[in-house]
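The values are calculated or read from the model by the stated rules, or taken from the named source; none is laboratory data. Quantities reported herein were computed from a predicted structural model and do not represent experimental measurements. Note that we place each Cβ from the backbone using ideal geometry, even for glycine, and neighbour counts take in every protein chain shown. Accessible surface is based on the protein model in full, side chains and every heavy atom, while ligands, DNA and RNA are left aside. Shrake-Rupley method; radii C 1.70, N 1.55, O 1.52, S 1.80 Å.
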Amino acid sequence: MKKGIPNKLKSSNGYYYLLPFRFERINQEKEILINEVGDYLICDIGTASKIVNRQIDVKSNFFGELISNYFISKEPIPALLNLLANRYRTKKSFIDNFTGLHIFVLTLRCNHLCHYCQVSRKNEKNELFDMQYENIDLSINLMFKTPSVAITMEFQGGEPLLVFNKIKYSIERVKKLNKIHNKKINYVICTNLTLVNDEILTYCLDNDILISTSLDGPKNIHDENRLRSNGPSYESVVNALNFAKKRIPLDRISALMTTTRMALNHPKEIIDSYIENGFNHIFLRAISPYGFAAKNKNKNEYETEKFVEFFKIALDYIIKLNNEGVYFVEDYTALILKKILTPFPIGFVDLQSPSGLINGVVVYNYDGYVYASDEARMLAESGDYSFRLGKISDNYNDLFYGEKAKEISENGSLEALPGCSECAFQVYCGADPIRNYVSQGDTVGYRPTSNHCFKNKSIISHIINLINDGRNNENEIFRSWI
Amino acid sequence: MMVGIMKMKYLDHGFKIIIETFNMIAKSYIIGVVEDIDLHSITLKNKEGFLIKIEVTSENFVFSDYFIRPKKFSKLSVSKLDIIKIEKRGGVKILFKHGSNDNLLFVTDQCNSSCLMCSQPPKNVDDIEYFYKINNEILSLIPKDIEVIGISGGEPTLLGEKLNLILKRLKLEFPNTRVHILSNGRKFFDKNYVSRLSLDINKLATFGIPLYSDIATIHDYVVQAKNAFYQTAIGLHNAARFGLNIEIRIVITKLNYERLPKLAKYIFMNYPFVEHVAFMGVEYTGFAVVNSELIKVNPDVYMDQLKEAVLFLNSMKINTSIYNLPLCLVHRKLWPFSVKSISDWKQEYSNDCKLCEEVNICGGFFRTSRLKYNNINPILEKKYNE
């Protein structure tokens, strides 16, 4: 070789091997190829077939791109197998820490009468539905047994502020015990806010507690859904919100909405009401078929297609707002985007495989039992105890690794579920055995008629089309969300 | 303690200079810190603390940058506290510029790659021992509190154990100094090598490693070495696994500019642990001149791709910079990423630059570059907010 004069390097010829990847048509012209770790290539329709039939020109850049992105390999064992393994380990690293979210239902009592209440709340006077101090202590002991270094302790209800003294008791106890355990603990209180006062807010501020509240949109929608025993609740929630905002930073307060049949027609109004109230994000959440929501079908049952339409209109509107300079995030999209656009996992229990049940979340219920998830305890209120792991007084190993836990995890991996194992969007989606059980009769479920599957596939596919199209700066906006 | 005075004489036949020494250990060169300097003499303190005075005996000759030259050509840039090397034949080399953040230990001219745009073409010479000795002398002489020092070649990992020894010495004697090592990272393919290196290295050290394309064959062609892409790719993961800090360096040429956005995505998806990504203009010297037909591309041709790549990495919160490009050739949106990266002794500006309003924040060009940009366009209005 003459000095500095380039040599053409010999390239190996011919055959190549396939690595695991999945594909799906996303519109009339394009299909998406997605590999085992979520890297995607959007190509012309027919590309997957060409790859499989060994019709890709080995001298083309596309061939090189397929190799770098782990779709094919020149050797039976790919040269970059270790990189792929590292990537896979990273994507699945959410399992390393085991249960991170510990939900404490200290009471099922509530001062609201929402028609869609998925937890089947109880009358606000009936103290039979509060957790006993003894069980609080035992639950905290179980929580500290988790191998996870970072944990979230979330207080749900009912309305947990009805038993603020028990919240305070729990947190003070956790703080003391944590001197030995040294975990990083986040606290969240899920509340309708109507009971907040100075003392509560000061305590939240001092302990860096995140407040998560419910706001269903503007007054007419919110009041249709969320009533108090003495009338509508919108005014009192907004007043409480303004009161709270004066005392705690806004980034420590977030709100959730639930999409009812009425809400479906008002996506823009709902988003506007969030902006009016100072929020820069919203979680567009379909109703779940539990508790009163399953009973009051006239207000809460709708076709999933309608929700998807609602979601798309809302997302378009949010993108338009972002283009006008209003930074505003749709949280569910942001979670999916993080799975599509980054090599990292997310800590959201509904979009994981293995599913977030026990692996990601567990519920210590007022009734003295431990449940595999929030939905599991919702089911229990309807008399179905299928996902109850055992008593709070039981041993940690029996609860978290016992027969029930094994049974639940059996159908908790998309990789092994019919209809999911070959789905292109598998890496972006999550397993939900309880949802399968509730809507289709068993934890395996049946994808062709699953609303949950339809909803996720439609939303993921829509997001991918927006990324591919990108004509309204979707890519820049999406990246600013993750 | 003064141990000796060396006299340098200019002999009439050619530019040959001989050094007359007395009381000096016979050596082909002397390295020391400049204690005192004037046009005709330099006093150095060597690592044993001895003072050595070197005088030029002929009135017509003075010390200059690189050589003892006839007076009229001279421009002395050696200053007090610099570390210089004076060779027997009169060559003067600045090894360490006092107060500069651009000092480096040059460790070898050998390299196992042969990049088409290499500005410092590798030489197949047995020089490792020679530079190792010099670098150890430098390390004995420089202040212990210097902020940053580079290690470059050639390919430093070809030093084998000697690189570990240099790094170990830096770690022990210069615990607060940031060490920046330019390596092609191919040797990191060997996990055990990386593991050992990680034990010897200062936590503040960074490896600057080139990755020219997301496509193996393109990268291999640019560096003229088969399997280099795979070695570096696996090497990057090994480096991350053992906690080494990594910077990825991308020299932009005609061969890789089209895929810069894809390369940026590839880096984020596969090497999100990197602490910095630098996109670099070419210094047209060395192989870059020989291969200019093959590699030369004007910045305006690749500006769209560069913009997409840089803004993408920035939006993914990866620290990103642009080196070696004058501001007037860089899209304004990319100005915040442009760094005055050209070493001061290599930096120059054109005549047009005198008119430019932004010349103070611009890095200019390589004085050493043999091909100049033909579309320098002085910026006549400050428009920071555009």
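List the chymotrypsin sites (Phe, Trp or Tyr not before Pro) within the stretch A:298-384 that fall in a DSSP loop (any state other than H, G, I, E or B) and whose Cβ has at most 15 other Cβ atoms within 10 Å.
Numbers: sites: A:Y302, A:F307, A:F310, A:F311, A:Y317, A:Y327, A:F328, A:Y332, A:F348, A:Y364, A:Y366, A:Y369, A:Y371; in loops: A:Y302, A:Y327, A:F328, A:F348, A:Y366.
Listed in order of number, the matching sites are A:Y327.
Per-residue Cβ counts within 10 Å, from other chains only, averaged over B:263-273: what number is that? Let's see the in-between values first.
Values: counts 1, 0, 3, 4, 0, 3, 9, 11, 2, 5, 2.
Mean shielding by partner chains, rounded to a whole number: 4.
Solvent-accessible area of B:K162, probe 1.4 Å, all protein chains present, reported in Å² to the nearest ten, please.
Rounded to the nearest 10, that gives 50 Å².
Taking every alpha carbon pair in chain B, what does the distance histogram look like in 20 angstrom bins from 0, in percent?
For chain B, the binned pair fractions read 25, 54, 21, 0 percent.
What accessible area, in Å² to the nearest ten, does a 1.4 Å probe give for B:I94?
Looks like 50 Å² after rounding.
Roughly how many Å² is the accessible area per residue of the stretch B:104-366, as a whole number, for a 1.4 Å probe?
Working: 10160 Å² over 263 residues.
Ligands and nucleic acids excluded, the figure is 39 Å² per residue.
The protein assembly as shown: D in µm²/s via Stokes-Einstein (Kirkwood Rh, Cα pairs, 37 °C, 0.692 mPa s)? Mind showing how you got there, number by number?
Working: Rh = 31.7 Å.
Translational diffusion coefficient: 103 µm²/s.
Please sort by residue number the trypsin sites (Lys or Arg not before Pro) in the stretch A:406-480 whose DSSP state is loop and whose Cβ has at most 13 other Cβ atoms within 10 Å. Before the final figure, lay out each step's value.
Numbers: sites: A:K406, A:R435, A:K455, A:K457, A:R471, A:R479; in loops: A:R471.
Hits after loop and neighbour filter: A:R471.
Rounded to the nearest 10 Å², what accessible area does A:C43 have for a 1.4 Å probe in the complete protein model?
Number for this one is 10 Å².
Please name whichever of B:T253, B:L263, B:F366 sits farthest to the positive end of the charge dipole of the stretch B:104-366, dipole taken about the Cα centre and charges placed at Cβ: Lys and Arg +1, Asp and Glu -1.
B:L263
For B:S321, enumerate residues with amide H under 5 Å from its amide H, sequence gap 5+ or separate chain, H modeled in the peptide plane.
B:V277, B:A278, B:F279
Can you flag which of A:K30/B:K254; B:K47/B:K144; B:K45/B:K97 are past 18 Å Cα-Cα?
Details: A:K30/B:K254 30 Å; B:K47/B:K144 14 Å; B:K45/B:K97 15 Å.
As for pairs spanning more than 18 Å Cα to Cα, those are A:K30/B:K254.
Residue by residue through the stretch A:190-201, which ³J(HN,Hα) values in whole Hz follow from phi under the Karplus form 6.51 cos²θ - 1.76 cosθ + 1.60 (θ = phi - 60°), with glycine and proline marked x?
Going residue by residue, I get 9, 9, 7, 6, 5, 9, 5, 9, 3, 4, 5, 5 Hz, with x marking Gly and Pro.
What dipole magnitude, in Debye to the nearest 20, does the stretch B:104-366 give about its Cα centre under +1 on Lys/Arg Cβ and -1 on Asp/Glu Cβ? Intermediate values should be presented prior to the final figure.
Values: 28 positive and 27 negative charges, 155 e Å.
Approximately 740 debye in magnitude.
Name the long-range amide H neighbours of A:I151: under 5 Å, sequence gap of 5 or more, or other chain; modelled H, no Pro or chain starts.
A:K184, A:I185, A:N186
Would you kindly state how much longer the chain becomes between A:Y327 and A:E29 on full extension, computed as 0.36 nm times their sequence separation minus their alpha carbon distance, in nm to one decimal?
On the way: separation 298, 0.36 × 298 = 107.28 nm, distance 3.21 nm.
Difference between extended and current length: 104.1 nm.
At A:H115 and A:S421, where each label point lies 7 Å from the Cα along Cα→Cβ, what is the point-to-point distance in nanometres?
4.4 nm
Please get the size of the charge dipole for the stretch A:155-249, origin at its Cα centre, with Cβ charges of +1 on Lys and Arg and -1 on Asp and Glu, quoted in debye to the nearest 20. Don't skip to the answer; put the middle values down first.
Working: 14 positive and 10 negative charges, 118 e Å.
Dipole about the Cα centre, nearest 20: 560 debye.
Just counting partner chain Cβ atoms within 10 Å, what average do the residues of peptide B:231-241 show around their Cβ? If you can, show how the numbers build up before the last one.
On the way: counts 1, 0, 5, 6, 0, 1, 6, 1, 0, 1, 2.
Across B:231-241, the average partner-chain Cβ count within 10 Å equals 2.
Which order do you get for A:E269, A:E375 if you rank them by accessible area with a 1.4 Å probe, largest at the top?
Numbers: A:E269 85, A:E375 40 Å².
Accessible-area ranking of A:E269, A:E375, largest first: A:E269, A:E375.
How crowded by other chains is A:80-87, given as the mean number of beta carbons from other chains within 10 Å of each beta carbon?
Details: counts 7, 1, 6, 7, 1, 1, 5, 4.
Other-chain Cβ atoms within 10 Å of each residue's Cβ, averaged: 4.
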